[in-house]
1. Just give me the residues in the range 316-338 being under 28 Å from GLY158 (Cα atoms) and surrounded by fewer than 19 Cβ atoms within 10 Å (Cβ to Cβ), in sequence order.
2. Go through the range 34-86 and give me each residue that's surrounded by fewer than 22 Cβ atoms within 10 Å (Cβ to Cβ), among the polar types (S, T, N, Q) and more than 30 Å from TRP301 (Cα to Cα).
3. Consider LYS260 against the criteria (1) of a type outside the set (Gly, Ala, Ser); (2) within 20 Å of GLN76 (Cα to Cα); (3) in contact (Cβ under 8 Å) with a residue 24 or more places away in the chain; (4) assigned to a helix (DSSP H, G or I): it satisfies all of them except one. Which criterion is unmet?
4. Look at SER165 and say whether it is touching a strand residue (DSSP E or B) at 6+ places or on another chain (Cβ under 9 Å) and under 24 Å from ARG347 (Cα atoms).
5. Under 7 Å between Cβ atoms, at least 6 apart or on separate chains: pull out the pairs that start in the range 226-239 with a residue that is outside the structural domain of LEU169 (by TED's automatic domain parsing) and at negative phi and end on any residue that is of a type in the set (A, V, I, L, M) and modelled with pLDDT under 95.
6. Identify all residues within the range 432-458 that are within 16 Å of TYR418 (Cα to Cα), touching a strand residue (DSSP E or B) at 6+ places or on another chain (Cβ under 8 Å) and of a type in the set (Gly, Ala, Ser); write none if there are none.
7. Of all residues in the range 110-135, which are in a loop (DSSP other than H, G, I, E, B) and among the hydroxyl-bearing types (Ser, Thr, Tyr)?
8. In the range 136-209, which strands (runs of 3 or more DSSP E) lie fully inside it and hold 3 or more residues that are free of Cβ contacts under 8 Å to residues at least 40 places away in the same chain and of a type outside the set (Ser, Thr, Tyr)?
Amino acid sequence: MEMKYLALATVLAISAGASAQTVPLTIPHATEFEKLTQPAAGVTMPESYVKAIAQQAYIWGYPMVNQFNRRATITQAPYPALNGGMVPVAPMGQLSMLTDYIKPEETFVTCPNQDVAYGLGYYALDKEPVVIQVPDFGDRFWVYAIYDARTDQVGNVGKPYGTKSGFYLLVGPNWKGNTPKGIDGVIHSSTELANLIPRIQMNDTKEDRIAIQPVISQVMSYPLSQFDGKMKSFDYSKLPSIGDKPDPNGGETKWVVPEKFFDQLNNVLDNVPALPGEQSLYAQFRHLVEAGKKDPQVRQWMNEAAEETNKTVITDFFKWKNNGVPAGNGWNRSTNNAQFGVDYYNRTGTSKSNMFDNKPDETQYFYTDNDAASASLDGKQSYTVTFAKGQLPPVKGFWSLTLYNERHLFSPNELNRYSLGTKNKDLKFNDDGSLTLFISHSSPGADKQNNWLPAPEGAFSLYIRAYWGEKTIIDGSWQPPKIEKTQ
């Protein structure tokens, strides 16, 4: 991948697939760092240097500016609602839940799934801690993914962790209060910004859509000042629709706007504590932002670098071959998802291509734009994906195969079907115990209808989710099946 203007510091130079935990760092203590000579104000910086540092800042800060902009938009909702009738939104400190699969026209986030009922809430934990309710989900798979400003998950809340029903307190990094009586656990966020995305598994049946509603109604969050020790409920089936419907042809909402980026980066630098070793990055980026405020020419160069980086480096992350590591048979798999540390490559790549992954022990993701012969997947062709007997994704939770268009969103189809997997109770297995799924624009025939995943007429990609994977999912020894072209 060509990176024009790129001059990354050692801590940024992490290649695709590198483990964040293995990066060698020589880290001065904060007090020692403060004694070091800092960037000099008033120097005349040439265009080449400005653009080199601006590109570093854009790559590094993209996920966090993305997060803060989402929060600023979502929390404008005056009450829990559905933005455009599709995406749950709520005021700061609260969340909103879907009562069915997410609608295919949504553009809030790329690569959504239709295996779960989603929820969404954003928090400002420097204002007040938040109480998160966990109802009794019984045997149903569920997980509450809680993200900080860096899109790293905090806490372990869900069925894979044996989390009990009750009340959990989400607090910010500077919280020093006492745990109130009735709180079952405290979750510490590393930043004041946090957001929660509950995922509640639901089978694609009328019966399960009815059965899931009582527990959905008790998935709630609210400020600590409203906690009374009693399980609250909310009828999400009556959520009003607010805002305009999105344009599904426009791709994901543009959460990061290059010409506004450097107006928003200071908020990140002020509200996201530096990781060990990042103090020098913060110093360089602050120096650049201040120079841009004083010199219009410098700011123009910064904007140009942001625009160019967005068109090249960031856009390249939309290709699945540039995400994660090879998984076999032409697929890539996620790595370090939602626990990125200083793996800036995969953090920014995920922020662009499929924001809000779960941690590897919760979910593993496999994705590709190509068939087994390395040709681009295209709706003009027909394909099969065959899982050999005993080779379905080995999971304790559930698995699915989802199809996305070239924008990593759903393309409406006659069956309103966008994924197949555990949720489907009418899949037809072959006589030898294998399972063949059919991917094509036109129906493969009535006898194959249950196993058909409709494709758009143009380019598309395929995406396997393995929730709560077994050992072979976690260690990478299980490989996704080949995607075979049939005509």
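The values are calculated or read from the model by the stated rules, or taken from the named source; none is laboratory data. Computed from a predicted structure; not experimentally measured. With ideal geometry, Cβ positions are generated from the backbone for all residues, glycine too; neighbour counts draw on all protein chains shown.
1. Hit for the range 316-338 is VAL325, nothing else.
2. Answer for the range 34-86, where residues must be surrounded by fewer than 22 Cβ atoms within 10 Å (Cβ to Cβ), among the polar types (S, T, N, Q) and more than 30 Å from TRP301 (Cα to Cα): THR75, GLN76.
3. Only one criterion is unmet by LYS260, namely (3).
4. Working: touching a strand residue (DSSP E or B) at 6+ places or on another chain (Cβ under 9 Å): yes; under 24 Å from ARG347 (Cα atoms): no.
Criteria not met by SER165.
5. none
6. SER440, SER443, ALA455, GLY458
7. Initially, the range 110-135 is screened for residues in a loop (DSSP other than H, G, I, E, B), giving 110-115, 125-129, 135.
The answer is THR110, and nothing else.
8. Details: elements: 142-148, 166-171, 185-188, 193-201.
Strands (runs of 3 or more DSSP E) meeting the threshold: 185-188.
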